[in-house]
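Colleague: The following block contains the structure, expressed as C-alpha cells.
Taken together, the values in this text are just the output of simple stated rules run on the coordinates, not laboratory data. From a predicted model like this one, the values you see are computed outputs, not experimental measurements.
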Amino acid sequence: MKLLIVEDEAKTGEYLRQGLSEAGFIVDLSHNGLDGHHLAMTGDYDLLILDVMLPDIDGWQILQSLREAGKEVTVLYLTARESIDDRVKGLELGADDYLVKPFVFAELLARVRTLLRRSANPATELSLSIADLELDLARHRARRGNKRIHLTAKEFSLLELLVRRQGEVLPRSLIASQVWDMNFDSDTNVIDVAIRRLRGKIDDNFELKLIQTVRGMGYMIDLPDEEA
Ligand code: CA
C-alpha cells in the first residue's frame with residue numbers, strides 16, 4: 001500500500017512518514033502543496049493524508065483539483081481547526097475522513113487502515129473475532145459472547161492489533177510503535193500495565209483465557225492448545 005503525506009510542518013511530516021513506514025506502508029512525503037498536488041495527480045497512491053493549512057495551495061484546493069480531475073484516491077485530511085464548518089467543507093469536497101490536530105498516531109493509523117479496508121473491499125472486514133471475542137471495527141465495540149466489554153480507545157487498538165495478528169507473538173516494541181504514538185524504552189512497563197488492564201476486562205471473568213504472555217518475547221492472543 002502506497003501513501004502520500006502532504007504536510008508542511010517538517011516534524012509532523014517526518015513523524016508520520018516514519019510511523020507509517022514502520023507500520024508497513026510505502027510512504028512519500030511532500031512538504032508543500034504544489035509538489036504534493038503534482039505527486040497526487042501523477043502518482044498511484046492508495047491513500048492521501050492531506051494537511052489543510054499549507055503555505056502555497058491549501059489542502060482544500062488540492063482535494064478539489066483531484067476530484068475535478070476524476071481522481072478517486074481515498075483522502076484523509078488533517079486540520080488544526082476545530083470548527084464544524086471545516087469538517088463539513090472537507091467532506092463536501094470529497095474527503096473520506098478527517099482528523100483534528102493534535103492527534104495520536106495510533107488513531108491516525110487506525111483511521112488509515114479502516115479507510116484502506118473500506119476502499120479495498122467495502123463489504124467485508126467490519127469485525128474481527130477469536131473464540132467468543134468479537135470486535136466491531138466500525139463502532140469500536142467489543143464483546144465476549146453476549147457480554148459487552150467497555151474498552152478505552154487505546155485498549156481497543158491494542159486488542160485489535162492482537163486479534164488481527166492472532167497466533168503471532170508480538171514484541172513489546174512492536175506493540176509500542178503500533179498502539180502508542182512513540183517508541184518506549186525497553187524498561188518501561190507501560191505495555192505490561194495496559195495488557196494487565198485489558199486482561200482484567202476480556203479474560204478475568206471468563207474461563208477461556210485468550211491473552212498469552214510469551215516469556216522474554218511479548219504477548220499474543222490465541223486459542224489455548226487443544227489438549228489440556
Ligand atoms: Ca500545515
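Colleague: Once the cut-off is 22 Å, how many percent of the Cα-Cα pairs in the chain end up in the long-distance tail?
Modeller: Value for the chain: 56 percent of Cα pairs lie more than 22 Å apart.
Colleague: So which of 101/201; 71/101; 2/71; 154/209; 89/154 end up more than 23 Å apart by C-alpha?
Modeller: Beyond 23 Å between Cα atoms: 101/201; 71/101; 89/154.
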